[in-house]
Amino acid sequence: MASTLLLHYDPARPDQATWSHVNNQGELTSRITSGSLEDAATVAQQHKVIVLLDSSSVHLNHVQLPTSNRQKMLRAIPYALEEQLAEDIEDFHFVIGKTDPHYGTPVAGIRKDTIESLLAIFNQAGISIDAVIPDAICSPAAPDQWSVLFHAGKALVQFQALIGSVIDTANLPLLLQASLDRSVDKPEKIVFFYLDGEEPDTALDQIDTDIEIIKVAYNTHPLVVFCGEFDRAKSLNLLQGKYKPRRKSSGQWHRWQLAASLAAVWLVLYAGINLVELNSLKQKNAGLGLEIENIYKKSFPGSKRIVNPRVQMEQKLNELRGGGGPQGSQFLALLTESVSAISSQKDIEVQSIDFRNNRMEIGLTGTNLQSVETLNNQLNKNTRLKTEITSATSEKNIVKGRIRLQRSGS
């Protein structure tokens with residue numbers, strides 16, 4: 001096949017694009033051209049077409065997941081990002097890249113109607129696409145180097161391979177400084193790419209002065225930067241799953257027609273023999289699904305939305321074991337700090353324990369109000385805890401109370 005056609009596309013300008021050919025060494029081999037998709041279609045014939053998509057249309061992120069199984073990760077990603085997306089996660093299509101030990105698993109998400117509209121527009125123009133890659137992850141990246149590319153009033157920031165973001169240039173210094181403040185391994189340098197003659201005024205002097213700032217001007221269009229880096233970003237190709245391109249026919253189908261017919265007959269016979277058993281298994285599976293959902297509702301009555309009870313149950317249990325990040329760790333820490341004081345009060349019985357927003361509330365019963373106050377005072381002796389009695393009532397010689405605990409300083 002001839003060289004690849006690298007095409008930069010912004011859904012905000014649906015009929016326009018910028019393109020050039022690139023060879024296997026990541027070098028542009030033709031003039032960078034901007035025009036309509038119909039114009040691009042005339043040079044796309046017999047070429048592999050890679051679309052670099054404006055990342056304003058893409059949600060780029062990275063998450064820490066308790067599994068390395070790719071299928072389980074893909075099922076868990078929507079729930080891990082649910083609180084970060086203002087829109088319904090069911091409307092998004094997600095892909096993941098290779099997990100990094102420090103940053104976690106790179107994620108790219110795009111609205112289904114956006115990717116479907118893009119495919120329809122290119123199909124109507126007569127262009128067959130092989131991959132769609134967010135442009136924000138196509139700048140040079142290294143463990144000790146961040147990159148920032150300025151284009152069309154936006155800054156494409158890449159902190160690590162496949163870990164990127166897009167932001168207005170006015171807010172860039174704030175983003176970079178915040179990222180540096182929470183970064184464990186600060187970069188040695190930050191490389192800024194900008195259009196020749198349009199050096200950006202981004203108040204770069206606000207950034208940590210210990211980091212070397214390098215400025216590089218490019219000509220005409222960022223494709224001259226993207227061309228050498230897009231190939232390693234292919235793992236976040238958005239055309240995966242149901243959007244994976246169909247292979248083009250080689251025209252040799254007739255050679256395999258007999259074998260395919262025999263295989264089809266065998267599959268029909270096999271399906272007929274096992275039909276009864278399959279229906280039985282489906283019924284059992286449906287029953288188990290309802291049972292799992294009922295158990296989940298009883299175990300976590302505060303959960304309002306149940307999409308996949310099994311996955312959600314695993315996440316909740318993992319949080320309680322401490323594997324879910326700060327929430328699980330806070331719960332175990334509070335429980336460890338308070339258990340000694342609670343067990344020493346013989347007149348107190350614990351009835352319930354609730355944990356949310358890094359606070360634990362203990363529901364208890366005792367023989368008198370003084371026993372509740374005594375327990376609260378004993379818990380407060382622990383300098384790592386801050387406690388208060390939120391309620392205490394007496395009824396028929398039984399005192400019911402609730403004590404709220406949280407870590408000091410939180």
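The values are calculated or read from the model by the stated rules, or taken from the named source; none is laboratory data. On a predicted model such as this, the values are computed, not experimentally measured, just so you know. Note: ideal-geometry Cβ built from the backbone for every residue, glycine included; neighbour counts use all protein chains shown.
Of the conditions (1) modelled with pLDDT of 90 or more; (2) within 32 Å of the chain's Cα centre (by Cα); (3) not in a helix (DSSP H, G or I), Ser56 clears all except one; give me its number.
Of everything listed in (1) modelled with pLDDT of 90 or more; (2) within 32 Å of the chain's Cα centre (by Cα); (3) not in a helix (DSSP H, G or I), Ser56 misses just condition (3).
Within the stretch 365-386, how many residues are in contact with a helix residue (DSSP H, G or I) (Cβ under 7 Å, 6 or more places away or on another chain) and more than 10 Å from Ile342 (Cα to Cα)?
So the first thing to find is which residues in the stretch 365-386 are in contact with a helix residue (DSSP H, G or I) (Cβ under 7 Å, 6 or more places away or on another chain), and the list is 366, 375, 378-379, 382, 384-385.
Now restrict to residues that are more than 10 Å from Ile342 (Cα to Cα): 366, 382, 384-385.
Summing the residues that are in contact with a helix residue (DSSP H, G or I) (Cβ under 7 Å, 6 or more places away or on another chain) and more than 10 Å from Ile342 (Cα to Cα) in the stretch 365-386 gives 4.
Consider only pairs whose beta carbons are under 6 Å apart and that are at least six residues apart or on different chains; among these, list those whose first residue lies in the stretch 262-278 and is touching a residue at least 24 places away in the same chain (Cβ under 8 Å) and whose second residue is in a helix (DSSP H, G or I).
Qualifying pairs under 6 Å: none.
If you go through the stretch 175-182 one residue at a time, do you hit one that is modelled with pLDDT of 90 or more, under 20 Å from the mean Cα position of the chain (by Cα), closer than 22 Å to Val63 by Cβ and not assigned by TED's automatic domain parsing to the domain that holds Ala41?
First, pick out the residues of the stretch 175-182 that are modelled with pLDDT of 90 or more: none.
Looking for residues that are modelled with pLDDT of 90 or more, under 20 Å from the mean Cα position of the chain (by Cα), closer than 22 Å to Val63 by Cβ and not assigned by TED's automatic domain parsing to the domain that holds Ala41, one finds none in the stretch 175-182, hence no.
Does Thr387 satisfy the condition of being in contact with a Gly (Cβ under 8 Å, 6 or more places away or on another chain), surrounded by 15 or more Cβ atoms within 10 Å (Cβ to Cβ) and of a type outside the set (Gly, Ala, Ser)? Break it down into steps so the answer makes sense when it comes.
Values: in contact with a Gly (Cβ under 8 Å, 6 or more places away or on another chain): no; surrounded by 15 or more Cβ atoms within 10 Å (Cβ to Cβ): yes; of a type outside the set (Gly, Ala, Ser): yes.
No, not satisfied.
Identify, from the list Ala40, Ala80, the residue that is in a helix (DSSP H, G or I) and within 21 Å of Asp135 (Cβ to Cβ).
On the way: Ala80 fails: within 21 Å of Asp135 (Cβ to Cβ).
Unique residue meeting the criteria: Ala40.
Any idea which of (1) out of contact with any strand residue (DSSP E or B) (no Cβ under 8 Å at 6 or more places or on another chain); (2) under 16 Å from His8 (Cβ atoms); (3) at pLDDT below 90 is the one Gly164 doesn't satisfy?
All conditions pass for Gly164, except number (1).
On the given criteria, is Pro14 farther than 21 Å from Phe230 by Cβ, assigned to a loop (DSSP other than H, G, I, E, B) and at pLDDT 90 or above? Outline the logic, then answer.
Numbers: farther than 21 Å from Phe230 by Cβ: yes; assigned to a loop (DSSP other than H, G, I, E, B): yes; at pLDDT 90 or above: yes.
Yes: the conditions hold for Pro14.
Among the residues in the stretch 167-176, are any out of contact with any His (no Cβ under 9 Å at 6 or more places or on another chain) and among the β-branched types (Val, Ile, Thr)? Don't jump to the end; show me each part of the working.
Pass one, the stretch 167-176, residues out of contact with any His (no Cβ under 9 Å at 6 or more places or on another chain): 167-176.
From what is left, the residues that are among the β-branched types (Val, Ile, Thr) are 167, 169.
Yes: one or more hits.
Could you tell me which of the residues Ile110, Ile121, Ile89 is at pLDDT 90 or above and crowded, with 17+ Cβ neighbours inside 10 Å? If you could, list the steps in order and put the result at the bottom.
Values: Ile121 fails: crowded, with 17+ Cβ neighbours inside 10 Å; Ile89 fails: at pLDDT 90 or above.
The match here is Ile110.
Report every pair of residues separated by at least 6 positions or lying on different chains whose Cβ atoms are under 6 Å apart, first residue within the stretch 35-52 and surrounded by fewer than 20 Cβ atoms within 10 Å (Cβ to Cβ), second polar (S, T, N, Q).
Here the result reads Lys48/Thr4, each pair linking the stretch 35-52 to a residue that is polar (S, T, N, Q).
Quick one: would you say Leu238 is over 30 Å from Phe92 (Cα atoms) and at pLDDT 65 or above? First the steps, then the outcome.
Details: over 30 Å from Phe92 (Cα atoms): no; at pLDDT 65 or above: yes.
Taking the combined requirement at face value, the residue does not satisfy it.
Would you tally the residues in the stretch 352-362 being loosely packed, with under 13 Cβ neighbours inside 10 Å and either closer than 17 Å to Glu373 by Cα or in contact (Cβ under 8 Å) with a residue 40 or more places away in the chain (or both)? Full working, then the answer.
Of the stretch 352-362, the ones loosely packed, with under 13 Cβ neighbours inside 10 Å are 352, 354, 356-357.
From what is left, the residues that are either closer than 17 Å to Glu373 by Cα or in contact (Cβ under 8 Å) with a residue 40 or more places away in the chain (or both) are 356.
The total comes to 1.
Go through (1) modelled with pLDDT under 85; (2) touching an Asp or Glu at 6+ places or on another chain (Cβ under 6 Å); (3) of a type in the set (Asp, Glu) for Glu314 and report which single condition fails.
Against the list (1) modelled with pLDDT under 85; (2) touching an Asp or Glu at 6+ places or on another chain (Cβ under 6 Å); (3) of a type in the set (Asp, Glu), Glu314 comes up short only on (2).
Which pairs turn up if I take residues in the stretch 78-90 that are without any contact (Cβ under 8 Å) to a residue 24 or more places away in the chain and look for partners that are outside any helix (DSSP H, G or I) and surrounded by fewer than 10 Cβ atoms within 10 Å (Cβ to Cβ) with beta carbon separation below 6 Å, at least 6 apart in sequence or on another chain?
No pair meets every condition.
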